Number of protein chains: 2
Amino acid sequence: MTEQHPFDTATTLAPLSEGLFQGHTSPAYGNIAGPFGGVTAANMMQAVLQDSRAQGDPISITVNFCAAVADGEFEIVAEPKRSGKYLQHWSVELTQGPKTCTTATVICAKRTADFSHQPANPPDAALYEECEPMTNQGRLNWLNRYDFRFSEGAPDFTGPLDPALRSARSVQYVSDNPPRPLDYLSLTAISDGFLLRMFNIRPKFVPMGTVSLTTHFIGSAADMAEHGDRPLLGMADATRFHGNFHDQHMQLWSASGKLLAMGTQIVWFKE
Amino acid sequence: MTEQHPFDTATTLAPLSEGLFQGHTSPAYGNIAGPFGGVTAANMMQAVLQDSRAQGDPISITVNFCAAVADGEFEIVAEPKRSGKYLQHWSVELTQGPKTCTTATVICAKRTADFSHQPANPPDAALYEECEPMTNQGRLNWLNRYDFRFSEGAPDFTGPLDPALRSARSVQYVSDNPPRPLDYLSLTAISDGFLLRMFNIRPKFVPMGTVSLTTHFIGSAADMAEHGDRPLLGMADATRFHGNFHDQHMQLWSASGKLLAMGTQIVWFKE
């Protein structure tokens, strides 16, 4: 019997009734408090993908992390707001008891056009084999569920604190650990897998967290099948840190150099 | 008596009851069909800003354009989903009769930290005075409500169609016409004011439209007051066009070189 991949365990939802699902946090993806946000985002996506009313493939998700998800059970309600010829809009909400923990909007689409054009190129990067695996992530379980290899902008978990601010930019490989064929669900989680840029520029443990995450899926299902379980090449950077918040943008590229997803985050930090 | 600015007319909402507002589309901001999406986005923001339960300043908005807004009246429901010590999450929905036209999530925050750092720089651009105003926008009323001046990547409204694809990138100045002091409301609208990159690379009139828009506000209210009614410097670009969709990302910079807002869109296009 094949053991289930921990990511599949962490994104298993039980249907309770139409548009209502129950899930359970997974210790394998534990973060400082509660689960890794990327797995929460994937569960918001999963509710739509499992809903019999879903049409087409996802093209976009916005996830708002309203309050910490406590370890344990949660419920997700998925509601189709509008279904058209090409596009379908969903509102999704994750609750624990009376408390709204996470809200999301998901958009699905039927994709048929052949026009394809990629004006941008993947970032320059060392070969995967030349990049050291990330170490020292220690007690954050979710970091061990990915193989992170940095070509540029590796985080410093050890200090000592250098008073000079570092670059906000990282170029890195990322894949599930153990490997798992890429799909929209894992791509959703990985799109939240870039460390917070605040920690990149100033490796100091202060309270910080993603407030809202938006990921657009430009890659098709065929692009993802072609990519398989190889490492993705990722780039993350930030533009400005100011008044408790900073932006963060990212790109995720397939092994053959196709942009699969891009997006932005807004991150809260304490001084 | 001073005449009201057309943007204020277009974003006037009448409160009907707690969290329920009525608005009316404004011909001054008319697009090909219905209103300019940026004004719809601003109205989603306005519902939150006018709500007596709102706490702090906006830091993020995601607007999903589910269906065309018809010219005429509309209603907006704003619902606070979660209010914490620092952050407040809202869900907002615009309807016309039984039809959901637009959904949005808005996040407000209290901002106190002094830490400020801007690793990125504004794009290189010619001086505002050296850039020609955009012309030939003709029948699209909303384009006349802005002063667009392109340093790079001006759109071609006249053709003839060159079979070679052009650059997806634009660097441009933008301000309200007539001038109006910048606030979160007008910044929301302007963040949707970059032309669709599909039209930039291939100036052919085919059906296309923004499906979802996310804008993060890194600039504070003080940054906006300092900026006043001067032109913003904007940059827009795209990474990949594939299977009926392309991404688009943008930055908006103050006259003194501070990033005020950044964000992304996903755009649908027909072949």
| said: Using alpha carbons only, how many angstrom separate the centre of the range B:190-268 from the centre of the range B:1-75? | reply: 19
| said: For the pairs A:110/B:99; A:110/B:204; A:85/B:99; A:81/B:85, flag any whose C-alpha to C-alpha distance is greater than 27 Å. | reply: A:81/B:85
| request: Before rounding to the nearest 500, sum -39500 (n - 2.57) across all DSSP H runs of length at least 4 in the protein assembly as shown and divide by the residue total; then give [θ] at 222 nm in deg cm²/dmol. | output: -4000 deg cm²/dmol
| What gaps in nm, shortest first, separate residue B:126 from its twins in the other copies when you place the label 7 Å past Cα toward the beta carbon? | 4.4
| note | Quick calc, chain B, dipole around Cα centre from Cβ unit charges on Lys, Arg (+) and Asp, Glu (-), nearest 20 debye, gives 680
| remark: Of A:243, A:234, A:209, the most mobile residue in a GNM of chain A (C-alpha springs, cutoff 10 Å) is A:243
| Between residue A:124 and residue A:167, what is the spin-label point distance in nm, taking each point 7 Å from the Cα along the Cα→C-beta axis? | 1.0
| note | Expressed to two decimals, the range B:1-47 has a Cα Rg over Rh, using the Kirkwood radius, of 1.00
| Average Cα contact separation per residue, the range A:202-267, under 8 Å, 6 or more apart, as relative contact order % | 41
| request: Can you list which of the GluC sites (Glu not before Pro) found in the range B:1-100 are DSSP loop residues with at most 12 other C-beta atoms within 10 Å? | output: B:3, B:18
| request: Just report the Cα centroid separation between the range A:107-179 and the range B:84-116, whole Å. | output: 30
| request: Treat every Asp and Glu Cβ in the protein assembly as shown as -1 and every Lys and Arg Cβ as +1, leave all other atoms uncharged, and give the resulting dipole magnitude about the Cα centre to the nearest 20 debye. | output: 240
| task | Over all alpha-carbon pairs of the range B:1-149, lay out the pair-distance distribution in 10 Å bins, whole %, shortest bin first. | result | 10, 32, 30, 22, 6
| query | Hey, fewest Cβ within 10 Å first, where do B:32, A:218 land in order? | reply | B:32, A:218
| Cα-based Kirkwood hydrodynamic radius, chain A, one decimal, Å | 19.1
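All of the numbers you see were taken from the coordinates with simple rules; none came from a lab. Predicted, not measured: the structure shown is a model, and the values here were computed from it. FYI the Cβ positions are ideal-geometry reconstructions off the backbone, even for glycines, and counts take in every protein chain you see.
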